[in-house]
1. Do we find that Thr260 is surrounded by 23 or more Cβ atoms within 10 Å (Cβ to Cβ), touching a residue at least 12 places away in the same chain (Cβ under 8 Å) and within 14 Å of the ligand (Cβ to nearest atom) in this structure?
2. I need the full set of residues from the stretch 188-213 which are within 13 Å of the ligand (Cβ to nearest atom) and in a loop (DSSP other than H, G, I, E, B), in order please.
3. Of all residues in the stretch 138-185, count the ones that are closer than 26 Å to Gly108 by Cβ and either in contact with a Ser or Thr (Cβ under 9 Å, 6 or more places away or on another chain) or part of a loop (DSSP other than H, G, I, E, B) (or both).
4. Could you grab me the full set of residues in the stretch 168-187 that are in contact with a Gly (Cβ under 9 Å, 6 or more places away or on another chain) and within 15 Å of the ligand (Cβ to nearest atom)?
5. How many residues are assigned to a loop (DSSP other than H, G, I, E, B) and touching a strand residue (DSSP E or B) at 6+ places or on another chain (Cβ under 6 Å) when one looks only at the stretch 231-253?
6. Whether any residue in the stretch 56-76 is within 25 Å of Cys322 (Cα to Cα) and assigned to a helix (DSSP H, G or I) is what I want to check.
7. With the condition kept exactly as written, say whether any residue in the stretch 246-256 is of a type outside the set (Lys, Arg), within 12 Å of the ligand (Cβ to nearest atom), open to solvent by less than 10 Å² (accessible area, probe 1.4 Å) and over 20 Å from Ile61 (Cβ atoms).
Amino acid sequence: MIPAKREETVKNLIGKLCLTGHLKKAEWVTVIRERTPAAAEYLFDLARAVRIRHYGRDVYIRGLIEFTNYCKNDCYYCGIRKSNAGARRYRLSQEDILACCEQGYALGFRTFVLQGGEDGYFTDERLCGIVSAIRIRFPDCAVTLSVGERSFDSYRRLYEAGADRYLLRHETYDAAHYRRLHPPGLSAGHRKKCLWDLKKIGYQVGTGFMVGSPYQTPENLADDMLFLEKLNPQMVGIGPFVPHHETPFADAPGGTAELTVYLLGLIRLLLPRVLLPATTALGTIARDGREQGILAGANVIMPNLSPPDVREKYLLYDNKLCTGDEAAESLNDLKKRMEGIGYHITVSRGDSLNV
Ligand code: SAH
């Protein structure tokens, strides 16, 4: 096909996605593989319009508390994998976590995200205690957990303790691709089962994947988009894969900001009311990555509320954006950045309209 014709085809498919909220697998592959800068501009115009229709120019913030970097898993891409003897391990105590929330609350955060490795120290009992302590002290705030795969019963207990939301990226839909990114014992099937369990229990669920992870093909991404349509989550987190020097993928090429923002635009059209963060990984590989993400249809930012001395230890990938700045300073910087592009950070729980 001649290039101009190809671009027309991609634009037509983007238009179809916008109108119907659906593409077939082969169409997804075409939209992704044959993209051009002009098609991307067309996409971003539509995605911004859809985002503004539902969420105005509001940007929701979530305070990210990285409370443990111990992990029993050995994901090949992740800097805090069990086999990385170079990682300096830490855990925050309940008091530390509550102090982070206290500081965050004063700054206007109304959602706290507790993220960590799969750390056996945090039994249901300990984690439920932390979740309920946060809910009691900050009754107008939402608590989000992001602590990996657990049993149905464990998820249920955490929900009953007061957790409202759960983030668990499916990482990649395709079972064979999943096996190339994870050691035996971890499977795409089990990861997905966890997501359906979380939904069934009543959590607002976030899923997602890395962009440009090793061996990823446009067909894999097409499957990821079809899975998003099927799961219909409240939130979708995507960010570029960024290599970490002490992992088996140290020398693999990273994902690009260009493809990441393109996919953000597509996800905005696929799930118009979804919560869509412009992630730290995107801000890490491009100085204006988060601004680019917002302008492609994203509406959430997740600044770090972890104590500055542990931030440099929660290194999932190299050069992670983790200034030693106080939370207040980095929030001010973000506010200015958002205002610079005509958007504004709001003080609210920022619940999804996608219910
Ligand atoms: N243990 C939790 C939290 C994982 S960290 C869980 O299993 O869900 C959150 C996300 O960081 C992961 O889901 C993964 O998609 C992303 N991540 C990990 N290593 C990365 C890397 N090298 N580059 C980019 N993103 C990475």
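The values are calculated or read from the model by the stated rules, or taken from the named source; none is laboratory data. Because the structure is predicted, anything quoted here is derived from the model rather than measured. Neighbour counts run over all protein chains shown; Cβ positions are idealised from the backbone, glycine included. To get the accessible areas, we keep the full protein, side chains included, count just its heavy atoms, and leave off ligands, DNA and RNA. Shrake-Rupley method; radii C 1.70, N 1.55, O 1.52, S 1.80 Å.
1. Criteria met by Thr260.
2. Within the stretch 188-213, Gly212, Ser213 qualify.
3. 15
4. Leu168, Arg169, His170, Glu171, Tyr178
5. 3
6. No, every residue in the stretch 56-76 fails to be within 25 Å of Cys322 (Cα to Cα) and assigned to a helix (DSSP H, G or I).
7. no
Condition check ((1) of a type in the set (Asp, Glu); (2) in contact with a helix residue (DSSP H, G or I) (Cβ under 8 Å, 6 or more places away or on another chain); (3) farther than 19 Å from Cys322 by Cβ) across all residues:
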residue: Met235; (1), (2), (3): no, no, yes
residue: Ile238; (1), (2), (3): no, yes, yes
residue: Pro243; (1), (2), (3): no, no, no
residue: Ala252; (1), (2), (3): no, no, yes
residue: Thr256; (1), (2), (3): no, yes, yes
residue: Val274; (1), (2), (3): no, yes, yes
residue: Gln292; (1), (2), (3): no, yes, yes
residue: Leu295; (1), (2), (3): no, yes, yes
